[in-house]
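Notes follow the structure.
The values are calculated or read from the model by the stated rules, or taken from the named source; none is laboratory data. Quantities reported herein were computed from a predicted structural model and do not represent experimental measurements. Cβ placement follows ideal geometry from the backbone for every residue including glycine, while neighbour counts extend to all protein chains displayed. Side chains are part of the model used for accessible areas, which takes the heavy atoms of the whole protein and leaves out ligands, DNA and RNA. Shrake-Rupley method; radii C 1.70, N 1.55, O 1.52, S 1.80 Å.
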Amino acid sequence: QVQLVESGGGSVQAGGSLRLSCAASGLTFSNYVMGWFRQAPGKDGEFVAAVSRSGGTTDYTDSVKGRFTISRDNAKNTVYLQINTLKPDDTAVYYCAAVRGYTVSRRASEYGYWGQGTQVTVSS
């Protein structure tokens, strides 16, 4: 069975940093594009970032460019999201997702596997 497990969320003050991790099992990790999505209370889910199979290509939504960094370690079957200069608007549940392919995607519907989410809360 495929399993994606996020960790690293928590409550921090604005301006702080967090590193989210997503550990994958039950799949050949290097065959999957990996992405991060988030959903804030009362808002639609949105794409955050994605990384190609080898880690050589990344994509970010405009609101997080310059503050968030996605990376992966295929030897550890893990994808990361480094979040810096946190803002209250970053408060959301963050989800890790996987899609088999070679092209990074912003479409949630293209991702076949999802983690349970990890809560990030940013206070002002």
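Within the stretch 11-32, being out of contact with any Lys or Arg (no Cβ under 6 Å at 6 or more places or on another chain) and either at positive phi or surrounded by 19 or more Cβ atoms within 10 Å (Cβ to Cβ) (or both) holds for GLY15, LEU18, LEU20, CYS22, ALA24, GLY26, PHE29. Is it the case that the stretch 53-75 has a residue that's open to solvent by less than 20 Å² (accessible area, probe 1.4 Å), closer than 29 Å to GLN1 by Cβ and small (Gly, Ala, Ser)? Among the residues of the stretch 53-75, not one is open to solvent by less than 20 Å² (accessible area, probe 1.4 Å), closer than 29 Å to GLN1 by Cβ and small (Gly, Ala, Ser), which makes the answer no. Scan the stretch 112-124 for residues that are surrounded by 14 or more Cβ atoms within 10 Å (Cβ to Cβ) and either part of a strand (DSSP E or B) or more than 12 Å from the chain's Cα centre (by Cα) (or both) and report the count. So the answer is 6.
Output the number of the condition that LEU86 fails; it satisfies all remaining conditions of (1) more than 16 Å from GLY8 (Cα to Cα); (2) hydrophobic (A, V, I, L, M, F, W, C); (3) part of a loop (DSSP other than H, G, I, E, B); (4) open to solvent by less than 10 Å² (accessible area, probe 1.4 Å). Here LEU86 meets the rest and fails (1). Taken together, the criteria place ARG72 among residues that are farther than 29 Å from SER123 by Cβ, assigned to a strand (DSSP E or B) and touching a residue at least 24 places away in the same chain (Cβ under 8 Å).
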